[in-house]
1. Scan the stretch 265-277 and give yes if some residue there is at pLDDT below 95, within 22 Å of the chain's Cα centre (by Cα) and buried (at least 17 other Cβ atoms within 10 Å of the Cβ), otherwise no.
2. Does residue 235 satisfy being farther than 22 Å from residue 139 by Cβ, at pLDDT 90 or above, within 16 Å of the chain's Cα centre (by Cα) and not in a loop (DSSP other than H, G, I, E, B)?
3. So how many residues does the stretch 120-139 have that are surrounded by fewer than 17 Cβ atoms within 10 Å (Cβ to Cβ) and in contact (Cβ under 8 Å) with a residue 40 or more places away in the chain?
4. Would it be correct to say that residue 82 is closer than 30 Å to residue 271 by Cα and in contact with a strand residue (DSSP E or B) (Cβ under 7 Å, 6 or more places away or on another chain)?
5. Within the stretch 23-52, track down each residue that is out of contact with any helix residue (DSSP H, G or I) (no Cβ under 8 Å at 6 or more places or on another chain) and either within 21 Å of residue 81 (Cα to Cα) or modelled with pLDDT under 50 (or both).
6. Under the condition of being part of a strand (DSSP E or B) and in contact with a helix residue (DSSP H, G or I) (Cβ under 8 Å, 6 or more places away or on another chain), which residue from the stretch 130-144 is nearest to residue 239 (Cα to Cα)?
7. Take the stretch 45-60 and flag every residue that is in a loop (DSSP other than H, G, I, E, B) and either loosely packed, with under 11 Cβ neighbours inside 10 Å or free of Cβ contacts under 8 Å to residues at least 60 places away in the same chain (or both).
């Protein structure tokens, strides 16, 4: 179901704070009462597409008008954009792997799942490992440097490098925007990939068993324009073995030097996937 959702720009909210600061007398309760209301049970978390979100938007818009702010552009503070709030898996989802002269079929729900904002399409091609799927020039890090992924599937890990290192340039132990999967998807698409596959960064979470994320639980765009899948890490272990590599050692190398370890899997390994949403 596609809804037209309204969101107030954070830039305007920041402007509101400057208006407050300009006052000679500042009452902290003005901030606190507004925050308490927006975080109250009455607004039920302000979920996307919910009446409570609309109520919160109207409340903030009213505050902006009280401050004497002017909307940019036009005369409306709220701007509409499309977003997917729910989706259903069709009956034709499939994922097959050609390796060592054999064809292996994975089971939807057990071995793999599409994301609710994936394109509905059938795509086939070789596979490239793109590390964490991150291009971050501000941190001098690029998993796609020197990597040709056009028309191919990219296999990427969750999260980001050095996530357990408080001294990491990636905001220490705090995740940056690059850890968000929707950003990894956008990056893969911009590099020309035909599809993207998410696996767990198991070496970073040895004692935290990972399950496939429930279909529909991840927020994303209306339609990403690329096939998006997730699968269990063990399904990819033979691919790394065929390339003479081991995923845990790769993760450790990236963490040690903050240097990408991307590569193309041997050509006999190919994927054919159908996403039906």
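1. The answer is yes, given that some residue of the stretch 265-277 is at pLDDT below 95, within 22 Å of the chain's Cα centre (by Cα) and buried (at least 17 other Cβ atoms within 10 Å of the Cβ).
2. No; evaluated as a whole, the condition is false for this residue.
3. So the answer is 4.
4. The answer is no for residue 82.
5. Within the stretch 23-52, 48, 49, 50, 51 qualify.
6. Among those residues, the one meeting the criterion is 135.
7. 45, 46, 47, 49, 50
Okay, residues lined up against (1) in contact with a helix residue (DSSP H, G or I) (Cβ under 7 Å, 6 or more places away or on another chain); (2) under 23 Å from residue 266 (Cβ atoms); (3) assigned to a loop (DSSP other than H, G, I, E, B):
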residue: 62; (1), (2), (3): no, no, no
residue: 66; (1), (2), (3): no, no, no
residue: 77; (1), (2), (3): yes, no, yes
residue: 88; (1), (2), (3): no, no, yes
residue: 91; (1), (2), (3): no, no, yes
residue: 116; (1), (2), (3): no, no, yes
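The values are calculated or read from the model by the stated rules, or taken from the named source; none is laboratory data. If you're wondering where the values come from, they're calculated on a predicted model, not measured in any experiment. Glycine also receives a Cβ, built like all others from the backbone with ideal geometry; neighbour counts cover every protein chain displayed.
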